[in-house]
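Undergrad: The structure that follows is given in the form of C-alpha cells.
The values are calculated or read from the model by the stated rules, or taken from the named source; none is laboratory data. All values reported here derive from a predicted model rather than from experimental measurement. Cβ sites come from the backbone with ideal geometry, for glycine too, and all protein chains shown count toward neighbours. The accessibility values were calculated without ligands, DNA or RNA, using every heavy atom of the protein model including side chains. Shrake-Rupley method; radii C 1.70, N 1.55, O 1.52, S 1.80 Å.
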Amino acid sequence: MAIEDLLFGTLLVGGSLIGIAALRKNHKDIKERKLEEARRKNTPCSFPPSLTYDDFTKLAKKTAKQFKRLKVSSIDNTTVFLRYSSQSGISKYNASVDYNDYGKITGEYWIKNENNDSQLPEAFAKAMKEMIICKINEDQSYSSTSNTFYDSAQEKNPPKKCLLCGYESPGDSIFCAKCGNKFYN
C-alpha cells in the first residue's frame with residue numbers, strides 16, 4: 001500500500017501543478033486581452049469623410065428600426081448602446097457595440113452583452129457593419145434627405161437580406177426563404 005499511496009500522492013501533486021499552470025496561462029491571456037482592448041478603445045478615432053458622426057448616428061437608428069424588440073438608448077462617439085427585451089417582453093437587457101477599430105471606422109465591431117443567449121445585438125452589429133461598409137466604400141448611393149440606401153439600378157422592391165443567415169429573399173417576402181426568420185420593415 002505504501003507504493004500505491006506514493007503514486008497517488010505524486011499524481012495528485014502533478015495534477016495540481018498542471019492545473020495551476022493552466023490557471024496562470026488563462027489569467028495571463030485574460031490580462032493580455034484586457035490590455036489590448038484598452039489599447040484599441042483608447043486609440044483616438046476619427047470618422048472618414050464619407051461617414052460623419054451624424055451619418056453614423058442615423059445609420060444606428062435606422063438599423064435598430066429593423067428589430068422590433070431593440071432600441072438605441074444612446075451613442076457615444078463610436079459605441080452604440082442598445083436596450084432590448086426578451087421574446088416574452090418581461091426581461092430587459094443592455095448591450096453595447098463598439099465600432100472603434102484602432103482609431104478607424106471599418107465596420108469591425110466588439111460587443112458587450114448582458115444576455116449572451118440573445119442574438120439580437122450580433123444581428124444588429126452585422127446589419128450596421130454592412131451599412132457602414134456601403135457608406136464608406138460608396139458602393140451604393142446614399143440619400144441623406146430620406147436616410148435610405150439604394151442602388152440606382154434597383155427596382156422599387158429590392159431583395160431582402162436575412163440578418164441571421166445572410167440569404168437574399170424576394171423583396172416582397174415576409175419571411176426568409178432559407179431559415180424562416182421574419183423580416184421587419
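Undergrad: From the set of residues in segment 157-173 that are among the polar types (S, T, N, Q) and in a loop (DSSP other than H, G, I, E, B), which is nearest to Met131 (Cα to Cα)? Spell out the reasoning first.
TA: From segment 157-173, those among the polar types (S, T, N, Q) are 157, 169, 173; that's our starting set.
Subsequent filtering for residues that are in a loop (DSSP other than H, G, I, E, B) retains 157, 173.
Values: Asn157: 18, Ser173: 21 Å.
Looking at the filtered set, the residue picked out is Asn157.
Undergrad: Of the conditions (1) closer than 28 Å to Ile174 by Cα; (2) in a loop (DSSP other than H, G, I, E, B), Ala125 fails just one. Which one is it?
TA: (2)
Undergrad: Further, regarding this structure: Suppose we filter segment 87-122 for residues that are open to solvent by 80 Å² or more (accessible area, probe 1.4 Å), farther than 24 Å from Pro48 by Cα, assigned to a loop (DSSP other than H, G, I, E, B) and of a type outside the set (S, T, N, Q); how many remain?
TA: 3
Undergrad: A further question follows. Given the options Lys41, Lys135, name the one that is within 25 Å of Lys161 (Cβ to Cβ), of a type in the set (Lys, Arg), in contact (Cβ under 8 Å) with a residue 24 or more places away in the chain and assigned to a helix (DSSP H, G or I).
TA: Numbers: Lys41 fails: within 25 Å of Lys161 (Cβ to Cβ).
Unique residue meeting the criteria: Lys135.
Undergrad: Can we say Arg69 is at pLDDT 70 or above, open to solvent by 50 Å² or more (accessible area, probe 1.4 Å) and more than 16 Å from Asp98 (Cα to Cα)?
TA: Working: at pLDDT 70 or above: yes; open to solvent by 50 Å² or more (accessible area, probe 1.4 Å): yes; more than 16 Å from Asp98 (Cα to Cα): yes.
Yes; evaluated as a whole, the condition is true for this residue.
Undergrad: Against the conditions (1) surrounded by 16 or more Cβ atoms within 10 Å (Cβ to Cβ); (2) among the β-branched types (Val, Ile, Thr); (3) modelled with pLDDT of 90 or more, where does Ile136 fall short? Just the number, please.
TA: In the conditions (1) surrounded by 16 or more Cβ atoms within 10 Å (Cβ to Cβ); (2) among the β-branched types (Val, Ile, Thr); (3) modelled with pLDDT of 90 or more, Ile136 misses (3) alone.
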